[in-house]
C-alpha cells in the first residue's frame, strides 16, 4: 500500500512538471501503461508491488491532468483584458487591507460580457482613492472591473507565482473600475465556506478591537485565523533570522496540540456523563469519544486556518487514525502519513508546487523516523531505568516476613530516580526530534529560500513549547470566551508572545550572521543532500553513517558556474514595468538598476534581492542606478540593505537618500559620466552618457548609458530611459561607439525613443524589452516594436518571455525563462 500511495503522489507531481497538458497520444500511452501494470500485477505476484505502484503513478498523472484541464477551461479571452466588464457576485475569504486599497477575492455569478467560460474566481483591488467600504465575506456586489489573465513575474531561481494563483483557483486579476459606481445588492450569499469566512473575519475583528495597536497583534491574528498580512515587518525579520517563521502559521503542530487538548477534555467529561441513569462510557468507550472530540476540534481549527496544506495534512492524519481506531486497527505512522499525502493531493493536485507542502510532509516524516529510531532503543532504556529504580526498591532482609504492603512501599529516592530517568529520556527525545527536523528541512529551506537559519534549532527549542503551551491556548481561549471575558486571555497571549519576541530579537542581535545564505541548489545537489539526510537519520549501526555529511558538499559548497574570462553574462529580470539587469563576469557582478520599490510593486525586495541571493551573489562590485525614476531606482534601498555593495554609480540628485545610505554601508559613491571606463576579467565597461557636470533636464535625459564589451569584441548596450534627443547627441558624437550585439531597448520601447538612426548605429543582433504585462503606458509602442522586427533582430519581451539570459562570449546564446522552464499553466 505504501508503494501505491507513493506512486499516486509521484504521478501528480510529474504532471505539474509538464510544459503542456497531455494530448491524445499521451493519454493513450497513460491508459496503456495503467492497463499493462494492472494486468502484470494480477498475473505475476512477484512483480505485484512494482506493477501496482506504476498503475497508481499513471492514475495520479491522469487525475491531475483532468483537474488541470477543468480548471484551465475558465479563461478570460485576451480581447477582454483591460476592458470594463460588469461583474455580479459576492466577496470570498478575508479581504486584505493594504496601503493602496483593499484586495479581495470575488466569486463571479454573472458577467456583462456574457462569456460562457468566464473565470469563476477573480482577485480584485479596490483602490484606496475610491472610498473603499468595509468588505465582508458573502456580500453581493455589482461592479465594473478591469481584468487581466493570471500573469506573474517569471524569473530564474524564484518561485512561480502563477502556480500559486492556479492552486487558489484565481483565473483573473484586476481592479474595481471607476467607470460606474459599485452597487451593494441586498441578498447576501450563503454556504458553509462563507460561514467559515465570516467566523474568521469576526474573530479577527475581535482580536484587533481588543489589542488595538499592540506591536505583535498580527501574530495573534495569524495564530487565530491564519491571516498573515497583519504581521509587522519587524516580526518577520526576527523570525526569519531565527528560523521560527513557521510558528506564525497555523501548522500541524498547533492543530495537533488542539486535538490532544480536546481529547483530554472530552475524555474527562465523558467519564462523568450519565444518560438516563446509564454511564456514558457504557454506551461508547471513552477513547472513542475522545477521538471524535479531537477530530471535530481539529477540523474547526483547520477551518479557521483556511485549510492550508499543513492543516490539511494534520486533519487527514487524525481522521485516518480515528477511523482505524474505531475499526480496531493500529496502522503504522508511515502509512498514516502516506494516506494523508494522497488525500491532500486529491483535494489539491497543485499543492506539490508550494514550499509548505514539502516542508510539512518532510518535517513529519523526519519526526516519525526519529521516533521510530528511538523506539528501537526504548526497551533497553526502560530496562536501564528499572535497574536504576530497583536499587532503591530492594527489600531489606530484616523486613522479610512482614506484611506485603511494607514490601511494596516505594522509597523516596526511587521516585527521584524514576523522575530523573524520565526527564533524561524526554530531553534526549526532544533533542533527537529537533536534530532530525533541522537536517531534514535544511536542503528544502536552501532550495526554496536560499538560506539556512543557523539559530533555528536553539530558537525552536524554547519557541515551540512557549507558543504551544502559552500563546496558542490563551489565544484559543480568547476566541471561545464571550466578550468581555475574551480580553484578559488575549492580553495574556500577547504578553507571553511579547516575552518570546524579545528573547528571539536578543538572540538574533547576538548573532547578526545567523542566516547562512546559499545559492539555490540544482537537482544534483538537492538529491545528494536528501540522500545524505536519510543516511544521517538511519539507525545506529548503519554502514558508514559518519560519512553522510559528505553528501552535503554540493549543497553547502556549490560549484559556481561563472562566465569564462573574457566573456560576460547578462540576466534581464522580469520585474514588471521597470528595469533590473545583472551583469556577471568571471569574478565580478554589476547590477544595472534595481527595479520598482515600495511605491509600486516592491520588485526590488520581492525579486531583485531574492534573485541575487539564489544566484549566490553576496556582494555587488558595482550598483548602477541609471536615473531617479522609481521603476529604475525604487528598489535600490532594498538592495543596499540586503546585499553588500562596493561602489554606487548613479545619476541621481545630490539630495537623494541612496547616496547617504550607500556611504553609511561602506560603499564608494560616484556620479556616472561619459568617459568612465574600467575592466573586469577581460571585459571592458564604458560609460557613454550623461555628460560630466551638473545634472539638468528631465531624469530620462540624465540616464546612464553603459556599454560592456568582451575580449572577442562582442558587446551589450544598456540604454536606460534615453529618448530621441540623447540618441541624436550620441550619434553625433561618435556613432561607432554605439555599435553593439545586444541592446537593452531604451525607455522600454516608448515611441519617443529607438529612432531609425539610433538602431542603424547600434545594429543589434538581439534586443530585450523590459516591460510590464498590460502596462498602463502601453509599452512597447507598436510602431517601435515593428521597427525592431523589420530588422530581423532576435527579440525578447519580459511580459511574454519572463526573464532573459544572454551569454556573450565568442558566440551569443539566448535563453528565455518561459521557454526553458515552460509549464502548462503559463499564458493560460
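Quick look at the values:
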quantity	calculated
Subset of the range 692-706 (residues that are assigned to a helix (DSSP H, G or I) and closer than 14 Å to residue 719 by Cβ)	700, 701, 702
Check on residue 675, touching a residue at least 60 places away in the same chain (Cβ under 8 Å), in the same structural domain as residue 590 (by TED's automatic domain parsing) and over 38 Å from the mean Cα position of the chain (by Cα)	no
Test for residue 92: is it touching a helix residue (DSSP H, G or I) at 6+ places or on another chain (Cβ under 8 Å) and part of a strand (DSSP E or B)	yes
Qualifying positions in the range 74-89 - in a loop (DSSP other than H, G, I, E, B) and surrounded by fewer than 21 Cβ atoms within 10 Å (Cβ to Cβ)	74, 75, 77, 81, 82, 83
Odd one out for residue 229 among (1) modelled with pLDDT of 90 or more; (2) assigned to a loop (DSSP other than H, G, I, E, B); (3) under 24 Å from residue 106 (Cα atoms)	(1)
In the range 519-564, the residues that are crowded, with 17+ Cβ neighbours inside 10 Å, modelled with pLDDT under 90 and not in a helix (DSSP H, G or I)	537, 558
Residue 632 touching a residue at least 12 places away in the same chain (Cβ under 8 Å), surrounded by 19 or more Cβ atoms within 10 Å (Cβ to Cβ), assigned by TED's automatic domain parsing to the domain that holds residue 802 and part of a helix (DSSP H, G or I)	yes
Residue identified as modelled with pLDDT of 75 or more, surrounded by 15 or more Cβ atoms within 10 Å (Cβ to Cβ) and closer than 30 Å to residue 522 by Cβ among 473, 443	443
Filter result (over 23 Å from residue 358 (Cα atoms) and without any contact (Cβ under 8 Å) to a residue 40 or more places away in the chain) within the range 216-236	218, 221, 230, 231, 232, 233, 234
Of the criteria (1) in contact with a strand residue (DSSP E or B) (Cβ under 7 Å, 6 or more places away or on another chain); (2) surrounded by fewer than 20 Cβ atoms within 10 Å (Cβ to Cβ); (3) closer than 17 Å to residue 181 by Cα, which one residue 134 fails	(1)
Residue match in the range 413-431 (condition: farther than 30 Å from residue 533 by Cα, surrounded by 13 or more Cβ atoms within 10 Å (Cβ to Cβ), more than 24 Å from the chain's Cα centre (by Cα) and at pLDDT 85 or above)	no
Count of the range 289-321 residues which are in contact with a helix residue (DSSP H, G or I) (Cβ under 8 Å, 6 or more places away or on another chain) and more than 24 Å from residue 366 (Cβ to Cβ)	12
Residue count, the range 451-463 (criterion: in a helix (DSSP H, G or I) and closer than 13 Å to residue 503 by Cβ)	6
Residue within the range 565-578 that is closer than 30 Å to residue 236 by Cα and either assigned to a helix (DSSP H, G or I) or out of contact with any helix residue (DSSP H, G or I) (no Cβ under 7 Å at 6 or more places or on another chain) (or both) present	yes
Residue identified as assigned to a helix (DSSP H, G or I) and under 41 Å from the mean Cα position of the chain (by Cα) among 250, 265	265
Selection within the range 730-739 - without any contact (Cβ under 8 Å) to a residue 40 or more places away in the chain and in contact with a strand residue (DSSP E or B) (Cβ under 8 Å, 6 or more places away or on another chain)	739
Some residue of the range 137-148 being in contact (Cβ under 8 Å) with a residue 24 or more places away in the chain, on the phi > 0 side of the Ramachandran plot and outside any strand (DSSP E or B)	yes
Elements of type helices (runs of 4 or more DSSP H) contained in the range 272-358, each with 1 or more residues being closer than 30 Å to residue 69 by Cβ and at pLDDT below 90	286-304, 309-326
Hits in the range 149-196 (condition: farther than 22 Å from residue 70 by Cβ and outside any loop (DSSP other than H, G, I, E, B))	174, 175, 176, 183, 184, 194, 195, 196
Single condition residue 735 does not satisfy, out of (1) more than 38 Å from the chain's Cα centre (by Cα); (2) part of a loop (DSSP other than H, G, I, E, B)	(2)
Verdict on residue 674 being in contact with a strand residue (DSSP E or B) (Cβ under 6 Å, 6 or more places away or on another chain) and in a loop (DSSP other than H, G, I, E, B)	yes
Search result, residues across the range 740-772 that are surrounded by fewer than 18 Cβ atoms within 10 Å (Cβ to Cβ), touching a residue at least 24 places away in the same chain (Cβ under 8 Å) and at negative phi	751, 752, 756, 757, 765
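One line per residue, one yes/no per condition, for (1) surrounded by 13 or more Cβ atoms within 10 Å (Cβ to Cβ); (2) modelled with pLDDT under 90:
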position: 457; (1), (2): yes, yes
position: 482; (1), (2): no, yes
position: 495; (1), (2): yes, no
position: 511; (1), (2): yes, yes
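The values are calculated or read from the model by the stated rules, or taken from the named source; none is laboratory data. In this text, all values refer to a predicted model and were calculated from it rather than measured experimentally. FYI the Cβ positions are ideal-geometry reconstructions off the backbone, even for glycines, and counts take in every protein chain you see.
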